[in-house]
Amino acid sequence: MVCARSRPTRRTEVLAVTVPAAVMLAVGLWGLDRGGMWRDEAVTFQVARRTVPQIWRLLHGVDAVHGLYYLVMHAVLAVRPGEVVLRLPSVCAAAAAAGLVAALGVRLARPRVGLWAGLLYAATPLAGHYAQEGRSYALVAAGAAGATLLLVRALDGGGAGRGWWAYGGVLAATCLLHELAVLVLCAHAITLALLRAPRAVWRRWSRPTGAAVAVLLPLVLASRRQSRQVEWLPAPDWESAERLLRGFTAGPDGSVFWGCVTLMAVGLLSGRTAAVMAPVMLAPPAVLMLTSQVMPLYHERYVLYALAGAPLLIAAGADLVVRRLGALAGRSSRSRAVTAAGVLAVTLVFVQLLPLHRYYRTPAHRADNLAAVSALAAGEIRPGDPVLFLPALGRRAALAYPEGFRGVRDLALGAPGARSGTLYGREVGPRELQRRLAGVDRLWVVAEPYALRSRWFPGDPTERLKLVAVEERFIPRWERERSGVTLRLYVRRSPGTTAPTGGSPPSDGLRGSGG
């Protein structure tokens, strides 16, 4: 009799975990090939295809925070380099995260809470967005959810055994994927305090976490020397917090948002579930936003792993409402119909958010589309034509999609990125660039939007020379823009030359690409 009752329970728990994982996998695979990488994905793509020594050399100067991820992607892209393969690890990690969220719900509450939470995670546009991004954030989210589940299991096991070291190992690997995942430790410490863990449990927790922090420390020291990479980040404000909350609660729509917020507030009364998941959702963003008032480090992707707390609090709140209503009506709230009703509600939320999901799968949602830039260049620049990238990071389109720039003369390039240990290559000095420009009568410039504005004045002398040279020695003859990047043809200035920018294509046979 005991076995007959336990098998359905076990089967129910397995289904509660696997169904959300499968749904998240389907959501992640839907529209995965957008037809173009954006700038951060392009960095992953070109760095991961370098040799391991070349990657190691790069990390000493830039992107140390992404070092482990680049090494993982090096192995992945060795199988078959391509945009879809680039994003597949994130898709699989997002599916794992949805399953882990469900597993937390099963363990902290009951199978239907896990099922609802996992499905809600899969339905959240923010999760779908990063599931299709060739960066580390979906992997970090899965790692943080896995570490949280291992923490709960270690606490359920009496606070002893090898479970603590498994927790520490997953935590260390997650933090090495992105160092700001270490903020999940703040959430776990708050959980231990809320659960009134005895001193023995605190001691057992401190050993693996101390080991994880020790492993992370060299990365922290290296990344601090590279802090200029995040100088562009602004200090977050109340609008940043509201935007993150809307992202965590299944999108910006009013009715869905307020319904989720209401259930989340009820979920804070769910005892153990709230003690574990509320800190996960609130502590990392709060700590990072407060820190960023002094030293800006905040971006929503750096705390994507905190998303795991929101669907679990919402599902726990819904379960609490159902149980209270059942008690008032004198009926059981454990029926399959109740579970099915919750699944239907999440499905309706997903349907309502379908336009947002579709938009997230378009190239327009990302900051740029380097494939479109390369296609524009392929239609206009001929082999042997001289090209300047203004500034040097504009070379990323040529690195990601070299076919559009095949055979061109990159006037400023001194050594390619892989050989120089840089992302975009090391450029020659001003004197050498002067010499190379001397014999050029026609010049293509691939410029970032800000580079052609009069108020931009670069600190690097080579970049300054590029700007001065095109403004003083050349005049613009023709121009097109694609995905925010300007492709402009210059001809050498001569007395009496007055050619307008834009308009019709030049008369010497250059082809227009349209639009």
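The values are calculated or read from the model by the stated rules, or taken from the named source; none is laboratory data. These numbers were taken from a predicted model, which means no experiment stands behind them. Cβ coordinates were reconstructed from backbone atoms using ideal geometry, including for glycine residues, and neighbour counts include every protein chain displayed.
Results, tabulated for the structure shown:
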item	result
Matching residues, the range 378-400, being among the hydrophobic types (A, V, I, L, M, F, W, C) and not in a helix (DSSP H, G or I)	381, 387, 388, 389, 390
Selection count where residues are in contact with an Asp or Glu (Cβ under 8 Å, 6 or more places away or on another chain), aliphatic (A, V, I, L, M) and under 21 Å from residue 465 (Cα atoms), scope the range 389-422	6
Flag if residue 65 is farther than 25 Å from residue 229 by Cβ and among the hydrophobic types (A, V, I, L, M, F, W, C)	no
Candidate set: the range 164-175, residues that are buried (at least 20 other Cβ atoms within 10 Å of the Cβ) and not hydroxyl-bearing (Ser, Thr, Tyr); chosen: the one nearest to the chain's Cα centre (by Cα)	175
Segments classed as helices (runs of 4 or more DSSP H), wholly inside the range 1-80, with at least 1 members that are over 30 Å from residue 339 (Cα atoms)	39-48, 52-59, 67-79
Residue 194 vs. criteria surrounded by fewer than 18 Cβ atoms within 10 Å (Cβ to Cβ) and modelled with pLDDT of 95 or more	yes
Filtered residues of the range 224-240 (kept if part of a helix (DSSP H, G or I) and under 18 Å from the mean Cα position of the chain (by Cα))	229, 230, 240
Where a residue in the range 249-260 is assigned to a helix (DSSP H, G or I) and its partner, wherever it lies, is β-branched (Val, Ile, Thr) and modelled with pLDDT of 80 or more, with Cβ under 8 Å and at least six apart	256/249; 256/349; 257/249; 260/249; 260/314
Verdict on residue 377 being crowded, with 20+ Cβ neighbours inside 10 Å and more than 19 Å from residue 432 (Cα to Cα)	yes
Single residue of the range 147-160 satisfying the filter (in contact with a Leu (Cβ under 8 Å, 6 or more places away or on another chain) and surrounded by fewer than 24 Cβ atoms within 10 Å (Cβ to Cβ)) that is modelled with the lowest pLDDT	155
Some residue of the range 142-154 being touching a Gly at 6+ places or on another chain (Cβ under 9 Å) and of a type in the set (D, E, K, R)	yes
Test: residue in the range 427-447 that is within 30 Å of the chain's Cα centre (by Cα) and in contact (Cβ under 8 Å) with a residue 60 or more places away in the chain	yes
Qualifying residue in the range 476-485 (condition: in a loop (DSSP other than H, G, I, E, B), touching a Lys or Arg at 6+ places or on another chain (Cβ under 8 Å) and under 25 Å from residue 426 (Cα atoms))	no
Residue check, residue 37 in contact with a helix residue (DSSP H, G or I) (Cβ under 9 Å, 6 or more places away or on another chain), closer than 30 Å to residue 228 by Cβ, modelled with pLDDT under 95 and crowded, with 22+ Cβ neighbours inside 10 Å	yes
Which numbered condition residue 475 misses (of (1) surrounded by 21 or more Cβ atoms within 10 Å (Cβ to Cβ); (2) touching a strand residue (DSSP E or B) at 6+ places or on another chain (Cβ under 7 Å))	(1)
So residue 18, is it at pLDDT 95 or above, within 30 Å of residue 116 (Cα to Cα), of a type outside the set (A, V, I, L, M) and not assigned by TED's automatic domain parsing to the domain that holds residue 375	yes
Residue check, residue 19 over 30 Å from residue 418 (Cβ atoms) and β-branched (Val, Ile, Thr)	yes
Candidate set from the range 437-468 (those that are surrounded by fewer than 16 Cβ atoms within 10 Å (Cβ to Cβ) and of a type in the set (Lys, Arg)); member that is farthest from residue 389 (Cα to Cα)	455
Unique residue being under 25 Å from the mean Cα position of the chain (by Cα), at pLDDT 90 or above, in a helix (DSSP H, G or I) and surrounded by 14 or more Cβ atoms within 10 Å (Cβ to Cβ) when the list is 246, 204	246
Some residue of the range 173-181 being over 23 Å from residue 41 (Cα atoms), in the same structural domain as residue 309 (by TED's automatic domain parsing) and not β-branched (Val, Ile, Thr)	no
Test: residue in the range 250-260 that is surrounded by 19 or more Cβ atoms within 10 Å (Cβ to Cβ) and either closer than 23 Å to residue 60 by Cβ or at pLDDT 95 or above (or both)	no
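Here's the yes/no breakdown for (1) acidic (Asp, Glu); (2) surrounded by fewer than 23 Cβ atoms within 10 Å (Cβ to Cβ); (3) under 18 Å from the mean Cα position of the chain (by Cα):
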| site | (1), (2), (3) |
| --- | --- |
| 91 | no, no, yes |
| 97 | no, no, yes |
| 105 | no, no, no |
| 110 | no, yes, no |
